[in-house]
Amino acid sequence: MSDRAAGEDAAANKTAGTSAASVAAAVGTLDALVPDPAAGLPDDLFYFVSRVTPMVNVDLLVKDDRGRTLLAWRDDPYAGQGWHIPGGIIRFRETFEMRIRKVAETEIGAPVEFDPAPLAINQIIHPVRANRGHFISLLYRCRIPGDFVPANRGLSRRDAGYLRWHDFCPDDLLELHGIYRSYL
């Protein structure tokens with residue numbers, strides 16, 4: 001090996017050691033800031049993680065006894081405005097079943113029955129967006145009694161979280177949920 005090549009290798013190893021130490025220090029700081037990742041991450045950290053790894057989520061295809069589909073209105077900078085299937089990102093050490101129950105509780109306000117196996121598994125990759133740009137989505141068939149009436153306490157039709165039963169797929173379904181049109 002030439003002296004020049006040996007010098008370049010030594011410089012690369014020194015830089016790699018410095019980088020590894022910097023990364024280790026950053027990870028130590030994050031560990032201290034997030035003692036319980038199962039409780040969720042601070043937004044900035046969540047967005048960073050979503051830039052470097054796919055997010056795994058469950059989507060709940062909630063039907064009633066009459067075959068209607070329960071959809072929620074969404075309005076945010078990542079998904080835009082429109083109707084969507086309620087869902088949520090799985091947290092650390094959370095099972096699919098746990099997340100389905102939590103979504104039903106927090107987004108629907110009622111428990112649902114659900115099939116144990118997903119109805120569909122989809123990969124959603126946004127062509128440009130970095131934050132929240134790659135999802136592995138598991139669609140679960142869920143049931144709720146036909147007499148369920150969404151509470152919608154204090155919400156109007158265009159407020160995020162507003163729930164409504166649909167007989168057909170609405171024209172203003174979120175583009176990212178277009179993969180689910182055939183199920184609605």
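What's the magnitude of the charge dipole for the chain around its Cα centre, counting Lys and Arg as +1 and Asp and Glu as -1 at the beta-carbon? Answer in Debye, nearest 20.
So the dipole magnitude of the chain works out to roughly 240 debye.
Ratio of alpha-carbon Rg to the 2.2 N^0.38 Å globular estimate for segment 49-183, to two decimals, please.
So segment 49-183 has a normalised radius of gyration of 1.01.
If you bin every alpha carbon distance in segment 100-164 into 5 Å steps from zero, what whole percent lands in each bin?
The percentages, shortest bin first, are 4, 14, 17, 18, 19, 16, 10, 2, 0.
Quick one: if you stick a label point 7 Å off each Cα along the C-beta vector at Tyr47 and Leu33, how many nm between them?
Roughly 1.2 nm, to one decimal.
Between Asp171 and Ser22, what's the calculated FRET efficiency when r is the beta-carbon distance and R0 is 41 Å? Round to 0.05.
The calculated FRET efficiency here is 0.25.
Would you calculate a helix-derived [θ] at 222 nm for the chain, using -39,500 (n - 2.57) for each DSSP H run of n ≥ 4 and dividing by the full residue count, to the nearest 500?
Helix contribution divided over all residues of the chain: -9000 deg cm²/dmol.
Anyone know which of Ala38, Ala26, Ala72 comes out most mobile in the 10 Å Cα GNM of the chain?
Ala26
Computed from the coordinates by the stated procedures, all read-outs in this text should not be read as laboratory data. Small disclaimer: the values here were computed from a predicted structure and weren't measured. Here the Cβ is made from the backbone with ideal geometry for all residues, glycine too, and neighbour counts use every protein chain on show.
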